[in-house]
1. Can you name every residue in segment 1-15 that is among the charged types (D, E, K, R) and assigned to a loop (DSSP other than H, G, I, E, B)?
2. Quick one: count up the residues across segment 56-84 that are surrounded by 12 or more Cβ atoms within 10 Å (Cβ to Cβ), out of contact with any Ser or Thr (no Cβ under 9 Å at 6 or more places or on another chain) and farther than 15 Å from Ile6 by Cβ.
3. Scanning segment 39-50 for residues that are within 14 Å of the chain's Cα centre (by Cα), over 15 Å from Tyr11 (Cα atoms) and not aromatic (Phe, Trp, Tyr), which turns out surrounded by the most Cβ atoms within 10 Å (Cβ to Cβ)?
4. Among the residues of segment 28-39, count how many are more than 18 Å from Asp56 (Cα to Cα) and touching a residue at least 24 places away in the same chain (Cβ under 8 Å).
5. Can you pull out every residue in segment 16-27 that is within 22 Å of Thr60 (Cβ to Cβ) and in a loop (DSSP other than H, G, I, E, B)?
6. For segment 51-63, name all the residues that are in contact (Cβ under 8 Å) with a residue 12 or more places away in the chain and either under 18 Å from Asn83 (Cβ atoms) or more than 13 Å from the chain's Cα centre (by Cα) (or both).
7. Return yes or no: is Lys30 among the basic types (Lys, Arg) and in a helix (DSSP H, G or I)?
8. Working only within segment 1-32, note down all residues that are surrounded by fewer than 17 Cβ atoms within 10 Å (Cβ to Cβ) and over 14 Å from Phe74 (Cβ atoms).
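Coordinate-derived values only; no laboratory data. Predicted model only: the values in this text are computed from it and were never measured. As a convention, Cβ positions derive from the backbone with ideal geometry for all residues, glycine included, and neighbour counts pool all protein chains shown.
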Amino acid sequence: MYKQKILNDFYEELFCTDFNDYESPTQNAKTDNLCDDHNMSFEDWTEDLIDTFCRDNDYTKEEVKQALEKEPKFLEDLKEEYNYLKEVISEDDEDYEEDED
C-alpha cells in the first residue's frame, strides 16, 4: 500500500474495522472530531489524528510527520477521507434538521 510501515500502520488504525473486528481510537477520532467541530480545518484534523495514533502506538509525532513528508500520497488520501467525511456529516445534519421540522 504505502512504502513506509508507519504509514501502513496509521492507515490500518484509520480504517480499523476494515482490517479487524474492532474500532480503534484513531478511527473513532477521525469522525468524532469532525462531528464535534464541523469547521475543523484539514490541518487541525490531521494533527489530532496523529496525536491519537501516537498515543496508542509506539511512534512519535515527529516520526509520523517525517513519513508524511516523504510520502505525500498518504496526505492526499487523507484529504479525500476528510472531504468525504465532511460531506457525509453535512448531509446527516441536513437530514436531522429536516426531521426536526
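1. Answer for segment 1-15, where residues must be among the charged types (D, E, K, R) and assigned to a loop (DSSP other than H, G, I, E, B): just Lys3.
2. Final tally of qualifying residues: 1.
3. Applying the filter and picking the extreme gives Met40.
4. So the count comes out to 3.
5. Ser24, the sole residue that qualifies.
6. Arg55, Asp56, Asn57, Tyr59, Glu63 - these are the residues of segment 51-63 that are in contact (Cβ under 8 Å) with a residue 12 or more places away in the chain and either under 18 Å from Asn83 (Cβ atoms) or more than 13 Å from the chain's Cα centre (by Cα) (or both).
7. Yes; evaluated as a whole, the condition is true for this residue.
8. Thr17, Asp18, Phe19, Asn20, Asp21, Tyr22, Glu23, Pro25, Asn28, Thr31, Asp32
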